[in-house]
1. Over all alpha-carbon pairs in chain A, figure out the percentage whose distance exceeds 32 Å.
2. For the stretch B:81-315, list log₁₀ I(q)/I(0) at each q in 0.16 Å⁻¹, using the Debye formula over Cα point scatterers of equal strength and ignoring solvent, two decimals each.
3. Just to confirm a number: summing +1 for Lys and Arg and -1 for Asp and Glu over residues other than C:Asp359 whose beta-carbon lies under 14 angstrom from that of C:Asp359, what do you get?
4. Counting only C-alpha contacts under 8 Å and six or more residues apart, can you give the relative contact order of chain B as a whole percent?
5. May I ask for the Kirkwood hydrodynamic radius of the stretch A:54-190, worked out over all distinct Cα pairs and given in angstroms to one decimal?
6. Jot down the per residue volume, in cubic angstrom and as a whole number, of the convex hull over the alpha-carbon atoms of chain C.
7. Any idea what diffusion coefficient the protein assembly as shown gets from Stokes-Einstein, in µm²/s, Kirkwood Rh on alpha carbon pairs, 25 °C, 0.890 mPa s?
8. Once both axes come from the Cα atoms, what is the angle between helix C:371-380 and the longest principal axis of chain C, in degrees from 0 to 90, rounded to 10?
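Rule-based calculations on the coordinates, nothing more; no lab input. No experiment lies behind these values; they were computed from the predicted model shown. Here the Cβ positions follow ideal geometry from the backbone for every residue, glycine too, while neighbour counts run over all protein chains shown.
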Amino acid sequence: MEQSFIEARGANVHYGEKQALFDINLDIEEKRVTALIGPSGCGKSTFLRAINRMNDLIPICRFDGSLQIAGQEVYDPAVDVVALRAQVGMVFQKPNPFPKSIFENVAYGLKIHGMTSSKTEMADRVEWSLKSAGLWDEVADRLEQPGNSLSGGQQQRLCIARTVAVEPKVILMDEPCSALDPIATAKVEDLIDSLRKDFTIVIVTHSMQQAARISQRTAFFHLGKLIEVGDTSDVFTNPREEQTQNYITGRIG
Amino acid sequence: MPDGTLIITRSGRSRWRDSLIVAVMAAAAGVAILVTLGIVMSLVFETILFLKKIPISNFLFGLEWSPQTAIRSDQVGAEGSFGVLPLINGTLLISAIAMAVATPLGLTSAIYLSEYASKRARDWVKPALEILAGIPTVVYGFFAALTVAPFIRMTGGQFGFEVASESALAAGLVMGIMIVPLISSLSDDVINAVPQSLRDASLGMGATQSETIRRVVMPAALPGIAGSLLLATSRAIGETMIVLMAAGLAAKLSLNPLDAVTTITVQIVALLTGDQEFDSAKTLSAFALGLLLFILTLIMNVIALRIVKKYREQYD
Amino acid sequence: MINFTQQAGFGLRRRKRAEARFQWAGRGAILISLAFLVVMFVSIIRDGAGVVWQSQIAVTVELSADEVDPENIGDASFNSILKEALREAFPEVDSRKEKKRLYGLVSSEAAFEIERQIRDNPALLGGMQTLWVTASDDADLYISGQVDTELPEKQRRVSDAEIAMLDQLLADGMAREAFNRGFFTSGDSREPEIAGILSSLAGSALTLLVCFVLSFPLGIGAAIYLEEFAPKNRMSDLIEVNINNLAAVPSIVFGLLGLSIFLGTMGLPRSTPLVGGMVLALMTLPTIIIASRAALRSVPPSFKEAALALGATPVQAVFHHVLPVAMPGMLTGAIVGMAQALGETAPLLMIGMVAFIVDVPTSILEPATALPVQIFLWADAPERAFTEKTAAAIIVLLTFLILMNLIAILLRRKLETRF
């Protein structure tokens, strides 16, 4: 078993008076795909957004407990969310390319973080990112066209390319295929599988089939609690908990 | 309470009464069209009379504006000159100053209020800014003429600048402040319409909030903001009281903000107050100016409203 | 190695500074606008506050039967009685120039004021009486302490000789500052010290009355039609676009419409509240329509549906069940529209409401002026003392506007708590 990269210990999240996550203890391994599953409202997205502190954007949201990435406490006062998010990227439910050209979309992170020193380096890096996202062949001749002129699936792969460009340590994905058709979904799933060798990926999905197809580890959340976590094959074929059993057989959720 | 049969027998009359009521209300809605028609007809009619006396090319392209009232009809140059360019020059100069003041102030206020301010701060600051929009323009005019203009004249004098006592700068500055709430509330709406998902995407990549605003939110909001700036410019062009009280009457071709210039609206008032003969070129020229002003602002408003509407649909 | 602190690179220090600058720019912009507002208010209040007090000078006048016939007060020459009294008070004044200065200490209306006091109280007749009359505008400036005596004589409005006389009056208790009722109870005047706002206030009230009577029913009718009955066709679209555009037409263009059609074609009387109200009604119509439609839209459709289900006709459903609920919102819109109309100046200039009006208008067919126009006229007047009147009139205007908006806000609050 590989050493854990992200470690949550006794993590609680409150929205105002309402508690959304209860005492989560979860280890996520490096360079593997971990799927977070569970019925809607179970807290899986809340946990995902706690990892790169996107929850900070909600004023009433409060985190306590411990969450470490590579031994660094994410909620330490010395942590700067900008530095954190530059290394822990995120892909969202609906494709949300910026209203800019395809090239500019991918170059965005490189520009704000000042990661390249010349135009050619920038162009190389954009090309590499688009290739990593499997989009290069489709857009190489129209980099100057607006990002939202692409199809839904292409847009989502553009968003992944945009995230990959800054070479984060972790990529968080919040139901990245829920707005896509099956063919586009298959392409994104292939992409996720190929990204596994370079990135630690945490993906929230409402589709158990997807979790089974692409993840190596699966964590099942229910009503704000982590019910079960383990190798994907074990969780789906031989769950330890009855609640997990009920969920994957379709009796709850 | 009448029984069923009674209602049926009365329904004919009540239906007739109902349609009368609806017709009366439809007529009330039609008044809006009548008003537009009235404006267009009255302006066009008098303008045609004016153009019979003064050729349209002299009006549109003339470089000199000095309307005269003829003392004797056979007098030399009895009609005066009616070149509108100096007035357009003055109008645009003052509007440009106003927009140069109002755009940065209004936009940055809107950005701060919609992206940074706490709800409590917003609840206090927004109404406070709206007060600026509710103050009658005659009050701004008084303040511009009595306080701002002498202040600019004095300050300019200290730095060795020759400032006219009715400088374009004073009128433009005060008008700019008046327009701030217009720009800030329109832009606020536009900025709020930018989907949160774009902000999330940028913040999620580690952009700071100001980078997100400058590089993602503003470019996305640009069409809507352009529309609101256009509406504000049209407002500045049509503003009367501030310029009437704080800008001059001298028609001059000048781009110097320290000069006294005059505007279309000031001239309309000047031409039509006091004694007037109804069909002299001087009186009629006011309507030609009015038509020009109406067309100018109408075009800007139509374009602006269309841009804003299209922009809203894009993100709805 | 992973590092999430500010030392992680990414140009974080520079970017944080840029972030702080950006936020300060935003605060600065708001601060500048609000500071302007405060400076403007403070300067206007400072200029106008003095109007509360009015300087008066006491004159001891001879009111024996020789001078004033009790049966025939109007025949007396109060002007010479007043001058006589002033000469008595300052016997050392003898040159013509000096005398002119002496007479100039009191308002040119002072003789009428004496006459009025006698008519109000005939018991004053029969001997010597000390009466208070209004001081002239220049004397008022000195008495209220607005004259800088350090300046060379030529640079100030009040000469050394006048100051000496006023100082003597003040020392004798024959000059004072009293509450200025006249500002609120008299009409315009060429003399700043007795000019008041009553005539323009009445003109504004009559104009707004006409404006409201025309625009409120029209606006509500149009709003109900467009919101509840209008078929979705090109005509409705046209009306819709029209209303939005009318809201942005420069106000002076409405003035031109009034001049050309109401005065020219229809031949209505110039300078009257009737025409002024009609022009302002057309201007406020879009505001009222837009606000009323929003109010109608905020009524839950279930109200109307419930009425229709009970067999009400669409017209009955709207008038009995939707309109009462939407009414506060519509009134709010109307008040906001009226507040706009109250501050409007330019279109009234076009239809001749700039006349010099002393008498208080009592009907919508009499020539009148309006408060903002009065402000415009006074702001243009050369006398220094009119500045104070202008600022004071602005304070009155703003007070009315604040009151109207306050009512609108309260109405809106009441409306919000109901749903």
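1. I get 21 percent for the Cα pairs in chain A exceeding 32 Å.
2. Calculated log10 I(q)/I(0) at the listed q: -1.11.
3. Here the charged neighbours net out to -2.
4. In percent, rounded to a whole number, it is 24.
5. 16.0 Å
6. About 293 Å³ per residue, rounded to a whole number.
7. D, rounded to a whole number, is 72 µm²/s.
8. It is inclined by approximately 50 degrees.
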